[in-house]
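In what follows, a structure is listed as structure tokens, so that the remarks can point back to it.
The values are calculated or read from the model by the stated rules, or taken from the named source; none is laboratory data. Note that the structure is predicted; figures quoted are calculated from it, not measured. Reconstructed Cβ throughout: ideal geometry from the backbone, glycine too, with neighbour counts over all protein chains shown.
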């Protein structure tokens, strides 16, 4: 598999393998993004997983599998919106940011049967689509509901950074880039890093990692690391991700981490949000948390006061 200068992804594979992969690729990328190229020279046949230069073969054409023709999936199917919850010992949870990133569960569901490297490309396609959608006021309104007063952490492809100088100034965007970006020159714009976890910390010089924020994925292996390995990262930069229970949250707080994503911090934030809500009798903590993660007006329809999901003034 290789990516051309035109942006096309070429996948070389035997025809039988392509027949098996095509349904999953169609579900994730959509019909308009794929073309089968039987006119190529003998050997593995490439598949273009980007808008093709020529007209693609249609389903049912000779030599091509005929999966159901479907449009590109809605962003809410392949994207997730995570509240970044600010929390300190003895303090109340507050909304400290939002994180938009490809949904691993959504990509696995739509791309069932695809190998990991192709799912990775699907994730990059999702990042690019989200970046484009947020630049459009109508789509941004649908995804967010309102322009947040807190930072919006957006998983991005490094290739899209060049478009940031023309970004709408009212959106407090912080690009979240993969660790692989450190293989080249460090971006000059403020950015966050993702991909940190217990295993990767053992392979890098934690004290010299750049970035305005560092997304650290919780796994039990973190608890086995000495406290100074977390201190070297500067806990004030850290966002502890995938915090699903009280034990993970307590570990993060004990290391001086003050920002979290995951089911447990989202529940705590929903409890605080409902405390003085006039409609709290009509919903539950679970409904409130699910609405705060909604990526469309329909997904947020369980909340009778959706303006409370993203405060227009940052909490102290």
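In table form, for the structure just shown:
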quantity: Qualifying positions in segment 84-105 - crowded, with 19+ Cβ neighbours inside 10 Å and within 11 Å of the chain's Cα centre (by Cα); calculated: 98, 99, 100, 101, 102, 103
quantity: In segment 137-158, the residues that are surrounded by fewer than 16 Cβ atoms within 10 Å (Cβ to Cβ) and more than 21 Å from residue 213 (Cβ to Cβ); calculated: 137, 138, 139, 141, 146
quantity: Test for residue 134: is it surrounded by 14 or more Cβ atoms within 10 Å (Cβ to Cβ), farther than 18 Å from residue 164 by Cβ and touching a helix residue (DSSP H, G or I) at 6+ places or on another chain (Cβ under 8 Å); calculated: no
quantity: Breaking point among (1) more than 29 Å from residue 222 (Cβ to Cβ); (2) modelled with pLDDT under 90, for residue 148; calculated: (1)
